[in-house]
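The values are calculated or read from the model by the stated rules, or taken from the named source; none is laboratory data. Keep in mind the model is a prediction, meaning the values are calculated, not measured. Cβ atoms come from the backbone with ideal geometry, glycine included; neighbour counts cover every protein chain shown. These area figures cover heavy atoms from the full protein model, side chains too; ligands, DNA and RNA do not enter into them. Shrake-Rupley method; radii C 1.70, N 1.55, O 1.52, S 1.80 Å.
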Amino acid sequence: MSSSESTSQVQKTPLLVLLSGSGTNFAALLRATETPANPLSSLATITHVISNRKSAYGLTRARDANIPTTYHNLQTGGYSKKHPNDPAKAREEYDHDLADIILALDPRPEVIVCAGWMHILSPAFLNPLEQAGIEIINLHPALKGEFDGIDAIGRAYIAFKEGKITRTGVMVHRVIAAVDQGPLVLQQEIPILEDDTKESLEERIHGVEWEVIVEGTTRVVKERRENKEKGLIA
Ligand SMILES: Nc1nc2c(c(=O)[nH]1)N[C@@H](CN(C=O)c1ccc(C(=O)N[C@@H](CCC(=O)O)C(=O)O)cc1)CN2
Ligand SMILES: NCC(=O)N[C@@H]1O[C@H](COP(=O)([O-])[O-])[C@@H](O)[C@H]1O
């Protein structure tokens, strides 16, 4: 940033959020971008939200915040009907079109945050986004290398009850084709207490998620802006 520029004049990094559910993590990220005391508020802004589920309350939260939204669904988008006997082809076309939707946005997002996005992204999506230089990160309620995939919290709780673990955690990682196995941005361990129920553990994990998604996004945005200033990326 040149000395004559204030942060208010510097273009904020446009973020796009992918979500499938209630959107509490999106809400936490939005709060951070709108809270002057939070460093993220001077660095980034959420410019679009996409969900694959029409009923996702996260879409309502985005609309209430006057953030543009898109609903993109495998069934209602006709992908499954077009390829009734080839679900892989249907998913490939769905992913390809999702990438086209994002690449056509103005402003084009620079960082995509998966915040409870419950769809595995294929190379048909990942490749064009990578070629466009758009970074993708994901919030996952487990530590790296543990409980990849869905119901990570439930599986961690079972492992705890079986005496196999005494802690779990939350991570933000970069998204690659291998689900939840991309490079770590950051993670935070969460102890599992003897008297924890699945519900009490889940509640504690969600509270940590709302912090980790902000810190993880902030780290990625800061690194990207520094790399831009150094001329390492366009
Ligand atoms: N290529 C990648 N795609 C996604 C990643 C990733 O790391 N690489 N992270 C996920 C988020 N996620 C866990 O953090 C996750 C979400 C969903 C699934 C999954 O099995 N989805 C099923 C459908 C499940 C459902 O609809 O309830 C599916 O896509 O067939 C696994 C992991 C986001 N995508
Ligand atoms: N594999 C990813 C995954 O399981 N993510 C989970 O989706 C929820 C989204 O909640 P939200 O819609 O309230 O943000 C989060 O709690 C997170 O644990």
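Think of each Lys and Arg Cβ as +1 and each Asp and Glu Cβ as -1; about the Cα centre, that makes the dipole of segment 12-96 roughly 180 debye. Surface composition of the chain: carbon plus sulfur atoms contribute 51% of the solvent-accessible area (1.4 Å probe, protein chains only, all chains present). Rounded to the nearest Hz, the phi-derived 3J(HN,Hα) couplings of segment 153-169 under the Karplus curve 6.51 cos²θ - 1.76 cosθ + 1.60 (θ = phi - 60°) are 5, x, 6, 5, 5, 4, 4, 5, 5, 8, x, 8, 9, 10, 8, 9, x, where x marks glycine and proline. Pairs with C-alpha atoms separated by more than 19 Å, drawn from the list 12/222; 144/164; 89/144, are 89/144.
For segment 146-234, with every protein chain kept in place, what is the accessible area per residue (1.4 Å probe, Å²)?
Result: 54 Å² of accessible area for each residue.
For the chain, the residue among 201, 32, 159 whose Cα projects farthest onto the positive side of the dipole built from Cβ charges is 32.
Annotation: the antiparallel percentage among DSSP beta bridges lying fully within the chain is about 40. The region of the chain that goes longest without hitting one of the GluC sites (Glu not before Pro) in a DSSP loop, each with at most 12 other Cβ atoms within 10 Å, is 6-161. Placing unit charges on each Cβ (+1 for Lys and Arg, -1 for Asp and Glu) gives the chain a dipole about its Cα centre, and among 134, 114, 150 the Cα reaching farthest toward its positive end belongs to 134.
Around the Cα centre of segment 82-135, unit charges on the Cβ atoms of Lys, Arg, Asp and Glu (plus for the first two, minus for the last two) sum to a dipole of about 160 debye. Dipole size of the chain about its Cα centre, with +1 on Lys/Arg Cβ and -1 on Asp/Glu Cβ: approximately 380 debye, rounded to the nearest 20.
Heavy-atom accessible surface of segment 1-105, averaged per residue, reaches 51 Å², computed with a 1.4 Å probe.
With the convex hull of its Cα atoms as the shape, the chain has an orientation-averaged projected area of 14.1 nm².
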